[in-house]
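What follows is a single structure, written as structure tokens, with notes after it.
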Amino acid sequence: MFTLPPLPFADGALAPVVSANTLSFHYGKHHKAYVDNLNNLVKGTEFESATLERIIGDSAGKPDRAGMFNNAAQIWNHTFYWSSLTPGGGGKPAGRLASMIDSDLGGYDQFRKDFAAAAVSQFGSGWAWLVAEGGKLKVVKTGNAEVPLTRGQTPLLTIDVWEHAYYLDYQNRRGDYVNAVIDKLLNWGFAADKLPRS
Ligand code: MN
């Protein structure tokens, strides 16, 4: 059985950037629904005791396993999103990430602009990501439940740009949500922990 992982912060801790109301629906209804759906889909199959990563890898790109892929990847994506956010976060990172942002992404200001643009320009539902690939940082975006793991990229941070992530607080102003997350919530300590040693 898959379970809904606990949030890494207190209820309401992301307000006012992400309100307690948004959090209660996003985590308690949307994230939970993916867990419930996946449990129903794997019941009695070879995937009952598989890891999320194995289900994602074995179902990606297979139309007959689309339901399993979508729900497993959305559980993984949401758990990663909650860890990508922290109260009092945002702003410029320090250490190795800062120097890689300078060398690979043209400096923090350019990164900030490109990350926001990826999040705002994702057409419809999806995710913006900071990833590591081949020892370098990259900004990428994915649609719907797609996850960089299936492209050989190591996710470091993500922003959920499905409308349910921001509509209660920002309505159609996705850019305001994205800018506030980048400036006030991004968890650079988490990204540093995920950065592969080179
Ligand atoms: Mn979401």
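The values are calculated or read from the model by the stated rules, or taken from the named source; none is laboratory data. Here the structure is a predicted model, which means the values were calculated and not measured. Glycine gets a Cβ as well: all are built from the backbone with ideal geometry, and neighbour counts include every protein chain shown.
Brief remarks follow.
- Selection from the range 180-198 of residues that are touching a strand residue (DSSP E or B) at 6+ places or on another chain (Cβ under 8 Å) and modelled with pLDDT under 95: P196
- Against the conditions (1) under 30 Å from M68 (Cβ atoms); (2) in contact (Cβ under 8 Å) with a residue 40 or more places away in the chain, Q153 satisfies every one except (2).
- Residues located in the range 1-51, provided they are among the β-branched types (V, I, T), more than 23 Å from Y166 (Cβ to Cβ) and in a loop (DSSP other than H, G, I, E, B): T3, T45, T51
- N37 vs. criteria within 16 Å of the ligand (Cβ to nearest atom), polar (S, T, N, Q) and either surrounded by fewer than 17 Cβ atoms within 10 Å (Cβ to Cβ) or free of Cβ contacts under 8 Å to residues at least 60 places away in the same chain (or both): yes
- One residue stands out among those in the range 74-132 that are aromatic (F, W, Y) and surrounded by 19 or more Cβ atoms within 10 Å (Cβ to Cβ): the one that is nearest to the ligand (Cβ to nearest atom), which is Y81.
- Among all positions in the range 163-179, there is no residue which is more than 12 Å from the chain's Cα centre (by Cα), surrounded by fewer than 21 Cβ atoms within 10 Å (Cβ to Cβ), more than 20 Å from H30 (Cβ to Cβ) and at pLDDT below 95.
- Scan of the range 134-179 for residues that are out of contact with any strand residue (DSSP E or B) (no Cβ under 8 Å at 6 or more places or on another chain), of a type in the set (K, R) and under 29 Å from P16 (Cβ atoms), ordered by number: R173, R174
- Residues (surrounded by fewer than 20 Cβ atoms within 10 Å (Cβ to Cβ) and under 14 Å from the mean Cα position of the chain (by Cα)) located in the range 180-190: F190
- Test for D160: is it within 14 Å of the ligand (Cβ to nearest atom), in contact (Cβ under 8 Å) with a residue 60 or more places away in the chain and within 15 Å of W127 (Cβ to Cβ): yes
- Test: residue in the range 139-148 that is over 22 Å from H31 (Cα atoms), surrounded by 15 or more Cβ atoms within 10 Å (Cβ to Cβ) and either within 13 Å of the ligand (Cβ to nearest atom) or at pLDDT 95 or above (or both): yes
- Contact map, the range 71-87: residues that are assigned to a helix (DSSP H, G or I) paired with residues that are more than 12 Å from the ligand (Cβ to nearest atom) and among the acidic types (D, E), Cβ distance under 8 Å, separation 6+ or inter-chain. Pairs shown: A73/E146; W76/E53.
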